[in-house]
Amino acid sequence: MKSYLEKILQKVHKGELAPDEAVKELKSYPYEDLGIAKIDHHRELRRGFPEIVLGLGKTREQIIKISQSIIRNGSNLLVTKVEPEDYQNIKKDIPEAQYNTMAKTIYYKIKTPPPGSGKIAIITAGTSDIPIAEEAAVTCDILGNDYEKIYDVLTKYCTSKRLLSFVDASLIYMYNKHNAEYILSFDSHFDNITNRKF
């Protein structure tokens, strides 16, 4: 889906919209002042990704108004820190919106974002870190980044006889997964090179 700006410019180019009418249409660029927030519609052109909305502290009505403005502009939507009951009410006004319960994020992918560079490893030490890791995963997806979720590495690699730091356990996971011959770590608990499998 094309951005709102691209649609306006194409209409002018095709003669479907007079230039003075286009100026009126584009009065909200680069910012649209909603009274409750200024939406930076130009961010996607400048930075390659749209504005992300922090839902914490906002009313349902504010989230709906901001979200509709972002969607109307043709941008992908990501709203973080939203409670499930708020999402249920927001979905009535934005039925296309999806919700990740664990991450407490609302998202709506209107268009495929440009691909990021490389792959991101989202790693948690234990289960209490999973909600924020899920938020990171949804964010990666909306921004076009490839990612891998690796959860609860301490439980998988630590025993009462072998205590490891989070960094150690993460390295061992990557070591085993990619069949590496060596681990180079600069963690104070794991400060040498090893050539053994765990």
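FYI, it's all coordinate maths here, none of it is from the lab. If you're wondering where the values come from, they're calculated on a predicted model, not measured in any experiment. All Cβ positions, even for glycine, are placed from backbone atoms using ideal geometry, and neighbour counts span all protein chains on display.
Summary of values
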read-out	value
Interchain or long-range residues, amide H under 5 Å from G116's placed H	N145, D146
For the chain, alpha-carbon Rg over 2.2 N^0.38 Å	1.36
Net charge of Cβ neighbours under 11 Å - reference I64; Lys, Arg +1; Asp, Glu -1	+2
Relative contact order computed over the chain (Cα-Cα under 8 Å; 6+ residues apart), in percent	12 percent
Note, ³J(HN,Hα) from phi for segment 118-123, Karplus 6.51, -1.76, 1.60, rounded to Hz, x at Gly and Pro	x, 10, 9, 9, 9, 10
Under Karplus coefficients 6.51, -1.76 and 1.60, residue-wise ³J(HN,Hα) of segment 10-21 in Hz, glycine/proline x	5, 4, 5, 4, 7, x, 7, 9, 6, x, 5, 5
Net charge of neighbours whose Cβ lies under 10 Å from the Cβ of I150, counting Lys and Arg as +1 and Asp and Glu as -1	+1
Greater than 26 Å apart at Cα, pairs in K109/K177; K81/K109; K104/K161; K27/K92	K109/K177; K104/K161; K27/K92
Protection proxy ranking, peptides 91-98, 45-52, 136-143, average beta carbon neighbours within 10 Å, highest first	136-143, 45-52, 91-98
Viscosity 1.002 mPa s, 20 °C: Kirkwood-radius Stokes-Einstein D of segment 105-183 over Cα pairs, µm²/s	153 µm²/s
Prolate/oblate/rounded label for segment 4-112 (Cα gyration tensor, a/c 1.5)	prolate
